[in-house]
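Visitor: Next up is a structure, given as structure tokens.
The values are calculated or read from the model by the stated rules, or taken from the named source; none is laboratory data. For clarity, every value in this text was computed on a predicted model and none was experimentally measured. So basically every Cβ, Gly included, is an ideal-geometry build from the backbone, and we count neighbours across all protein chains shown.
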């Protein structure tokens, strides 16, 4: 299994009334890391649209462990944990770069579907990014 990382900086519009990153924003960070990783692997998001195959998250299990604040630099990790015929399970963690503290530990399950929303076999190039 391969582990990938992406970095980003917390922006003001991602904060809640308490001044830390809103819990739902972490899902956006995870999505950003998955899309950026695929682009770096030579499989931009648009390629899947052209193929008529879509990767949709069907389950997200997130354990929040510490908050992030405005200006924090974050590192988001992504690794494949399990691959089925039509689905893949990812583990994603987010760390504060400066402190090294883990902010979230998440497991995401995604399924490949066609334009009609029916499950289809996982794209083999996609599988290879995480498991070859």
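Visitor: Conditions first: (1) modelled with pLDDT of 95 or more; (2) over 18 Å from residue 6 (Cα atoms); (3) under 12 Å from the mean Cα position of the chain (by Cα). Residue 75 passes all but one, so which condition is the exception?
Guide: For residue 75, the failing item is (2).
Visitor: Report whether or not residue 26 is in contact (Cβ under 8 Å) with a residue 40 or more places away in the chain, surrounded by 14 or more Cβ atoms within 10 Å (Cβ to Cβ), within 12 Å of the chain's Cα centre (by Cα) and within 22 Å of residue 129 (Cα to Cα).
Guide: So residue 26 does not fit the description; no.
Visitor: Considering (1) over 17 Å from residue 31 (Cα atoms); (2) assigned to a strand (DSSP E or B); (3) touching a residue at least 24 places away in the same chain (Cβ under 8 Å), say which one residue 82 fails and leave the rest.
Guide: Evaluating residue 82 over (1) over 17 Å from residue 31 (Cα atoms); (2) assigned to a strand (DSSP E or B); (3) touching a residue at least 24 places away in the same chain (Cβ under 8 Å) leaves (3) as the failure.
Visitor: Residues of the stretch 110-122 being surrounded by fewer than 17 Cβ atoms within 10 Å (Cβ to Cβ) and closer than 20 Å to residue 59 by Cβ, which ones?
Guide: Passing the criteria: 114, 117, 118, 119, 121.
Visitor: For residue 29, state whether it is modelled with pLDDT of 95 or more, in a loop (DSSP other than H, G, I, E, B), under 18 Å from residue 107 (Cβ atoms) and out of contact with any helix residue (DSSP H, G or I) (no Cβ under 8 Å at 6 or more places or on another chain).
Guide: No.
Visitor: Could you tell me whether any residue of the stretch 6-15 is part of a loop (DSSP other than H, G, I, E, B), over 15 Å from the mean Cα position of the chain (by Cα), modelled with pLDDT of 95 or more and buried (at least 17 other Cβ atoms within 10 Å of the Cβ)?
Guide: Looking for residues that are part of a loop (DSSP other than H, G, I, E, B), over 15 Å from the mean Cα position of the chain (by Cα), modelled with pLDDT of 95 or more and buried (at least 17 other Cβ atoms within 10 Å of the Cβ), one finds at least one in the stretch 6-15, hence yes.
Each row is one residue, and each column tells you yes or no for (1) within 29 Å of residue 12 (Cα to Cα); (2) assigned to a strand (DSSP E or B).
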{"position": "47", "(1), (2)": "no, no"}
{"position": "50", "(1), (2)": "no, no"}
{"position": "56", "(1), (2)": "yes, yes"}
{"position": "67", "(1), (2)": "yes, no"}
{"position": "78", "(1), (2)": "yes, yes"}
{"position": "91", "(1), (2)": "yes, yes"}
{"position": "100", "(1), (2)": "yes, no"}
{"position": "115", "(1), (2)": "no, no"}
{"position": "127", "(1), (2)": "no, no"}
